[in-house]
Amino acid sequence: MIQTEDLIGKNVRKVGRAAAMCWIHFGRPVEIESWGQKRIVGEFALDLDCPWRIKNSSGGIELGSADMFVPASGHTLDEDFDWDIQGNNLFDVKAKSLFPEGSRIMVTSAGLGSSYDLTITFSNGLCLESFVNASSREECWRLFRPGLEHGDLIVTGVGIERC
């Protein structure tokens, strides 16, 4: 079964989003077939569907889940702003800057807090913190191996589940 510690020593391949869910791929490249198309993904993937933030070594917030709803520079917050268009929001711009594709940023530590909040520390001094924000079986985050059907580590408001 997959554990958070499996990420230690893995590089960050790519950071992105699907709607308002942040995803991060780690480790060596893996080819999978998804929706009839072949894609290159990371050996491990993390889907964050709860509040999270990435802090620098001084404790300042570099990127947060709410940044998906803030216009990127050059865009204005008006009735025409569409946060869901790739490249339109602050998250899209900052994620690429903090974790450029092909960089050598590695996971130096990863673990769970008492409420199943996830903390991941990176070799560039940044630290990801997630916050489980449900009291139900609603999925908050998931760590998995793309292309495999079993072994996912799923965290909900009531604890850890496996599939």
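Values computed for the structure shown
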item	result
Shape of region 21-151, Cα gyration tensor, a/c cut at 1.5	rounded
Per residue value of the accessible surface for the chain (all protein chains in place, 1.4 Å probe), Å²	54 Å²
Whole-Hz couplings from phi, Karplus 6.51/-1.76/1.60, listed for region 37-47; x for Gly and Pro	10, 7, 9, 9, 10, x, 4, 10, 9, 10, 10
Local electrostatic count, Gly64, Cβ distance below 13 Å [Lys/Arg +1, Asp/Glu -1]	+1
By average C-beta atoms within 10 angstrom, highest first, the peptides 146-154, 33-41	146-154, 33-41
Where labels lie 7 Å past Cα in the beta-carbon direction, separation of Lys96 and Asn124 in nm	1.4 nm
Neighbourhood net charge (11 Å Cβ-Cβ; Lys/Arg +1, Asp/Glu -1) for Pro51	-2
Rounded if a/c under 1.5, otherwise prolate or oblate - region 7-55, Cα gyration tensor axes	oblate
Two-site label geometry, Ser114 and Glu5: point separation in nm, points 7 Å out along Cα→Cβ	2.1 nm
Residues with amide H under 5 Å from that of Glu62, placed H, sequence gap 5 or more	Ile54, Lys55, Asn56
Accessible surface of Ser73 - all protein chains present, 1.4 Å probe, nearest 10 Å²	110 Å²
Cα shape, region 1-98, gyration tensor, a/c 1.5 rule	oblate
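The values are calculated or read from the model by the stated rules, or taken from the named source; none is laboratory data. What you see is a predicted model, and the numbers here were worked out from it, not measured in a lab. Here Cβ is always computed from backbone atoms with ideal geometry, including for glycine, and neighbour counts include all displayed protein chains. Remember, those area values only see protein heavy atoms, side chains included, never the ligands or the DNA or RNA. Shrake-Rupley method; radii C 1.70, N 1.55, O 1.52, S 1.80 Å.
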